[in-house]
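Data block below; observations after.
Nothing in this text is a laboratory measurement; each read-out follows from the coordinates by a stated rule. Everything quoted here is computed from the prediction, not taken from an experiment. Glycine gets a Cβ as well: all are built from the backbone with ideal geometry, and neighbour counts include every protein chain shown.
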Amino acid sequence: MTVDSLSDPICISAYGAVTPIGNSLEEIKDNLINNRSGIKLIDKFDTNLMKNNFAGVPDVGEHNIKWPLDKPLKNGEVLYTRLAIERLLANGQLHEYYQSDDIGCILGLDRPSFNVDSYINYCKAVTKKGSERNFDTKIASMVESLKLNEFENVETTSILKEVNDHIKIGSTCLCHLGLCAASAYSLIMAARDIYSGKSKAVITGGVSARVSPYNVSRLESMGVTAGPNFPPEQVCRPFDKQRSGFVLAEGAILFSVERLSAVRERGVEPLAIISGYGASMGSEHIVAPHSEEVEMLLCMNKAIKNSGVPLEDIDLINAHATSTQQNDYHESKAIKEIFGDLQPIISATKSQHGHLIAAAAAMEMLCVIISMRYDFVPKIINLDEIDFNFPSGLNFAAENVHKKIKYALKNSFGMGSLAASVIMKNPRI
């Protein structure tokens, strides 16, 4: 039985967002349709010694998370989660309709940021030379160095606790750490949790706050981020011949998912219907996609089969499109193999908001919701010249497209060839 053939499918009923291009549907829509980039120079810390001095950071992050530290680190993930869950609950009061035992929380997360200064002090404390340094004094030094509040700040459960502080969670509670595909997987797991009867509503989505000195340096050393060859707003170039790597970004996008009947019974129009989903893994390389696009083909085909939607009815593909040489090449090949001569519009909104890692899929699902609600697909900004190595006949959104979108395919591909695809349906059509 396909998901879409069920009489009562799962839908996205409400959202809460903190993103580099806005926090509401109207604000994000305005930036998308006017092709404004949320990529800018980093103001959170000194980047003079780094090649990469740009990122997609929400305004609240720039103002509240700073290095070097003159006070305890304000955990970015917790800050973004707090704002996103407050906004979600303002848009949809789940606690008014469900008992806490019926509400779950399944989120895609990165490991939270940690205070590098604290770890340096910790290492100094436990390696201090001196014959008097016996086992007991080393333990005492460790206890002194690692404060409880800092321990809480580096645990993924601190994000779940923040959600629970705003709405009591009594059903399934999980974190998915699948990096770039984490929030797509979390939505799939949330849908399955409801279909299985374990929960009646689930808060899902993704949270990431990776724009820190440590993470920017680490990614720069791996050679996977974009080089400083363009101004910040032009550096993220999905599918462009001159793309050179992904652009780091951060934020939080949370959704409530429920049965369609429950949402419509209280007179609410859902944001999107989840018509199908698929997940897979290639396991060929820890960073690069599979050389034969195995995981990409598998998850897209699974999602399409699961939905029962004919290929020709899919109007839009929101591509993973990281602006890296490998992903964009292999994803374009996989799309061509599946869709052949059909030409769904291919969008790549990372060109405007950057790569939110664990929150990337949720960010891009929100962009799909905006396309469905406002009948337009934003252009892929900075797509000046399509890479000639791609298959011919692909319909990249070189300009804004004004069109009703009935079905959309959202792709999310992560490290280790972890992959997920979701078919979303416009509830208004």
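Once the other residues with Cβ under 12 Å from the Cβ of ILE188 are scored (Lys, Arg +1; Asp, Glu -1), what is the net sum? Net of charged neighbours comes to +2. Summary of packing: across the peptides 32-39, 411-418, the per-residue average of other C-beta atoms within 10 Å ranks them, highest first, as 411-418, 32-39.
Beta-bridge orientation, the chain: approximately 65 percent antiparallel, per DSSP, counting only bridges with both partners inside. Shown here are the Rg and Dmax of the Cα trace of region 297-354, at 11.8, 32 Å. Packing here is the average count of other Cβ atoms within 10 Å per residue, and on that basis the peptides 362-369, 421-428, 46-53, highest first, run 362-369, 421-428, 46-53. Within the chain, the proportion of Cα pairs with more than 29 Å between them is 43 percent.
Short-range pairs are left out: with C-alpha atoms under 8 Å and at least six residues apart, the relative contact order of the chain is 24 percent. Percent of Cα-Cα pairs more than 23 Å apart in region 283-429, please. The proportion of pairs with Cα distances above 23 Å equals 28 percent. Between GLU220 and ARG266, the contour length at 0.36 nm per residue exceeds the alpha carbon distance by 11.6 nm.
To the nearest 500 deg cm²/dmol, what mean residue ellipticity at 222 nm is calculated for the chain from DSSP H runs of n ≥ 4 alone, each contributing -39,500 (n - 2.57), summed and divided by the residues?
Computed mean residue ellipticity for the chain: -10000 deg cm²/dmol.
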